[in-house]
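Worksheet: the structure to be examined is printed underneath.
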Amino acid sequence: MTPARASLLVTYICAGIYLGLLSESGIAERMRLERELQNLNAEVERLVVENQGLEEKERRLKNDAYALEQEARKYYLLSETAHVLKFEESISQRPEKPKLIPATTLRTAGLSGEWKEPPLFLLRFFFISFSVFLILGVYFKLKRLQPMSNHKRLN
């Protein structure tokens, strides 16, 4: 096998590994996207539960004067003899602003991983540089070897 053919074979093998593992549609990218989808689904589930709790609390505070007094005493440090007045809200003509979802990190959601894996672009860089050096090494190593057989025909 000539050095050029051996280097070409190593190039094909490295390209196949790169396309299968590290490309935009490779296994590593798919695993990262699946992990991100799981984290987002868990975050959505947590926010749905939190939203239900807050809606229940809002409903309870709108309808129950005793619960409103307890909540006011809790947050505003009111004494037992203090009176809590509730004013009716007037319906305004302004459009309501959309509710914003609070920004939370994965650590506060309890979804942080045990170990941090390197970013995919870094893996791609190291794999490509390793492949280039491997291909050049194979080529120059085979180029320096002495020919093993004569290329003359025996007939």
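The values are calculated or read from the model by the stated rules, or taken from the named source; none is laboratory data. This structure is a prediction, so every number in the text was calculated from the model and none was measured. In this analysis, Cβ positions are derived from the backbone assuming ideal geometry, glycine residues included, and neighbour counts consider all displayed protein chains. Only protein heavy atoms, including side chains, enter the accessible area calculation; ligands, DNA and RNA are left aside. Shrake-Rupley method; radii C 1.70, N 1.55, O 1.52, S 1.80 Å.
Rolled with a 1.4 Å probe across the full set of protein chains, the surface gives residue 121 an accessible area near 140 Å².
Solvent-accessible surface of protein heavy atoms, probed at 1.4 angstrom with all chains present, puts 73, 60 in the order 60, 73, largest first.
What percentage of the solvent-accessible surface of region 1-60, computed with a 1.4 Å probe over protein heavy atoms, is contributed by carbon and sulfur atoms? Walk me through the numbers on the way to the answer.
On the way: 2850 of 4490 Å².
With neighbouring chains kept in place, the figure for region 1-60 is 63 percent.
Entry comment: accessible area of region 1-61 is 74 Å² per residue, from protein heavy atoms only and a probe of 1.4 Å. Taking Cβ atoms as reference points and 12 Å as the exclusive limit, the residues near residue 7 contribute a net charge of +3, counting Lys and Arg as +1 and Asp and Glu as -1. The local environment of residue 120, defined by Cβ-Cβ distances under 10 Å, has a net charge of -1 under the rule Lys, Arg +1 and Asp, Glu -1.
Ligands, DNA and RNA excluded, the heavy atoms of residue 13 present near 90 Å² of accessible surface to a 1.4 Å solvent probe.
In this view, the solvent-accessible surface of residue 141, computed with a 1.4 Å probe and all protein chains in place, comes to about 120 Å². The modelled label-to-label distance for the pair residue 133/residue 34, using points 7 Å beyond Cα in the direction of Cβ, is 3.2 nm.
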